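Engineer: Dropping a structure here in structure tokens format, bear with me for questions.
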Amino acid sequence: MSLDTALNWRYAAKRMNGQRIPEATLERILDAAHLAPSSYGLQPYSVVVVDDPALRERCRPAAFDQPQIGECSHLLVFATWETSGAAEVDALIRLMARERGLEEASLAGYRETLKGVVNGFASAEARRHWAAKQAYLAMGMVLAAAALERVDATPMEGFDPAALDAVLGLEARRLRSAVVVALGYRDEDADRLAGLKKVRWPRERVIARVA
Ligand SMILES: Cc1cc2nc3c(=O)[nH]c(=O)nc-3n(C[C@H](O)[C@H](O)[C@H](O)COP(=O)(O)O)c2cc1C
């Protein structure tokens with residue numbers, strides 16, 4: 001299936017039928033998050049996979065009782081690092097040296113650049129905002145990958161991050177939820193949006209070519 005066909009097929013399902021996604025399919029969708037590009041390659045987030053239906057039910061009140069939370073197969077929570085990032089820069093440099101067969105010393109300049117990035121934010125909020133942008137990019141990759149697998153994926157910002165983090169114990173992992181995706185299969189009978197025409201601004205309003 002072409003990407004274009006997949007993107008026209010997908011929509012943000014409001015109701016799902018509880019069917020479980022096969023493990024191999026789920027892994028392929030998660031690969032898209034893993035391989036997402038990010039600023040300086042820092043990937044300053046984790047994707048927390050919530051599988052257990054009972055735990056998802058406990059998450060639902062934090063997401064204003066949206067039914068997809070309970071009816072999906074897996075809930076993906078894109079959560080930004082709540083750390084300064086300095087230790088992660090050192091770890092990334094070590095990893096890069098190992099993976100590419102380089103001396104760590106040869107990456108000293110890059111290390112300093114990355115330290116400058118993570119130490120350069122005016123506030124923790126500014127750093128979180130930057131990290132969230134990277135997480136959203138991974139989310140976009142997941143939405144496209146899911147559509148290619150004919151798996152529904154609903155992006156959701158309609159939740160209280162503090163409440164969701166409390167249920168999932170994310171603070172202890174030094175993570176903070178930014179956005180979530182409910183992955184599963186649409187319930188065509190229950191979902192008032194299923195089968196409705198997709199609404200987008202006219203293409204020329206979104207895509208502007210300059211001469
Ligand atoms: C960042 C973001 C947050 C969203 N939050 C919610 C949400 O909390 N609940 C929901 O049902 N849909 C949510 N949506 C889905 C949008 O309403 C939907 O993507 C948009 O109306 C376009 O429709 P389509 O994706 O079905 O084509 C969100 C979408 C995005 C990208």
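The values are calculated or read from the model by the stated rules, or taken from the named source; none is laboratory data. These numbers were taken from a predicted model, which means no experiment stands behind them. Cβ coordinates were reconstructed from backbone atoms using ideal geometry, including for glycine residues, and neighbour counts include every protein chain displayed.
Engineer: Look through region 132-175, keep the residues that are more than 15 Å from the ligand (Cβ to nearest atom) and over 26 Å from Met16 (Cβ atoms), and return whichever of them is surrounded by the most Cβ atoms within 10 Å (Cβ to Cβ).
Structural biologist: It comes out as Arg173.
Engineer: Which of the residues that make up region 27-42 are surrounded by 14 or more Cβ atoms within 10 Å (Cβ to Cβ) and within 20 Å of Cys72 (Cβ to Cβ)?
Structural biologist: Those that are surrounded by 14 or more Cβ atoms within 10 Å (Cβ to Cβ) and within 20 Å of Cys72 (Cβ to Cβ): Arg28, Ile29, Leu30, Ala32, Ala33.
Engineer: Now a separate question. Considering Ala54, Ala24, which residue is more than 20 Å from Met141 (Cα to Cα), surrounded by fewer than 16 Cβ atoms within 10 Å (Cβ to Cβ) and away from the ligand (no atom under 16 Å from the Cβ)?
Structural biologist: After ruling out the rest, the residue left standing is Ala54.
Engineer: Scan region 57-72 and tell me whether some residue there is more than 16 Å from the ligand (Cβ to nearest atom), under 18 Å from the mean Cα position of the chain (by Cα) and touching a residue at least 24 places away in the same chain (Cβ under 8 Å).
Structural biologist: So far as region 57-72 goes, no, none of its residues is more than 16 Å from the ligand (Cβ to nearest atom), under 18 Å from the mean Cα position of the chain (by Cα) and touching a residue at least 24 places away in the same chain (Cβ under 8 Å).
Engineer: Filter region 35-66 down to residues that are of a type outside the set (S, T, N, Q), in contact with a strand residue (DSSP E or B) (Cβ under 8 Å, 6 or more places away or on another chain) and either outside any loop (DSSP other than H, G, I, E, B) or within 16 Å of Val179 (Cα to Cα) (or both), then give me how many there are.
Structural biologist: Residues in region 35-66 being of a type outside the set (S, T, N, Q), in contact with a strand residue (DSSP E or B) (Cβ under 8 Å, 6 or more places away or on another chain) and either outside any loop (DSSP other than H, G, I, E, B) or within 16 Å of Val179 (Cα to Cα) (or both): 9 in total.
Engineer: Right, here's the next one. Kindly indicate whether any position in region 57-76 is closer than 25 Å to His34 by Cα and either of a type in the set (Phe, Trp, Tyr) or loosely packed, with under 14 Cβ neighbours inside 10 Å (or both).
Structural biologist: Within region 57-76, none of the residues are closer than 25 Å to His34 by Cα and either of a type in the set (Phe, Trp, Tyr) or loosely packed, with under 14 Cβ neighbours inside 10 Å (or both).
Engineer: Could you please let me know if Gly140 is assigned to a loop (DSSP other than H, G, I, E, B), under 30 Å from Trp9 (Cβ atoms) and of a type outside the set (Lys, Arg)?
Structural biologist: no
Residues are listed down the side, and each one gets a yes or a no for (1) touching a residue at least 60 places away in the same chain (Cβ under 8 Å); (2) more than 17 Å from the chain's Cα centre (by Cα):
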| position | (1), (2) |
| --- | --- |
| Gln134 | yes, no |
| Val142 | yes, no |
| Ala153 | yes, no |
| Gly184 | yes, no |
| Asp187 | yes, yes |
| Asp191 | yes, yes |
| Arg205 | no, yes |
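Engineer: Collect the residues in region 9-21 that are within 9 Å of the ligand (Cβ to nearest atom) and either modelled with pLDDT under 95 or not basic (Lys, Arg) (or both), keeping them in residue-number order.
Structural biologist: Scanning region 9-21 gives Tyr11, Ala12, Ala13.
Engineer: Continuing with the same structure: Within region 153-166, which residues are among the aliphatic types (A, V, I, L, M) and closer than 10 Å to Ala63 by Cβ?
Structural biologist: Residues satisfying the conditions are Met156, Ala163, Leu164.
Engineer: Let me ask you something else. If you take the residues of region 78-131 that are among the charged types (D, E, K, R) and within 22 Å of the chain's Cα centre (by Cα), which of them is surrounded by the most Cβ atoms within 10 Å (Cβ to Cβ)?
Structural biologist: This residue is Arg127.
Engineer: Quick one: would you say Ala105 is touching a strand residue (DSSP E or B) at 6+ places or on another chain (Cβ under 7 Å) and either in a helix (DSSP H, G or I) or under 16 Å from Phe78 (Cα atoms) (or both)?
Structural biologist: no
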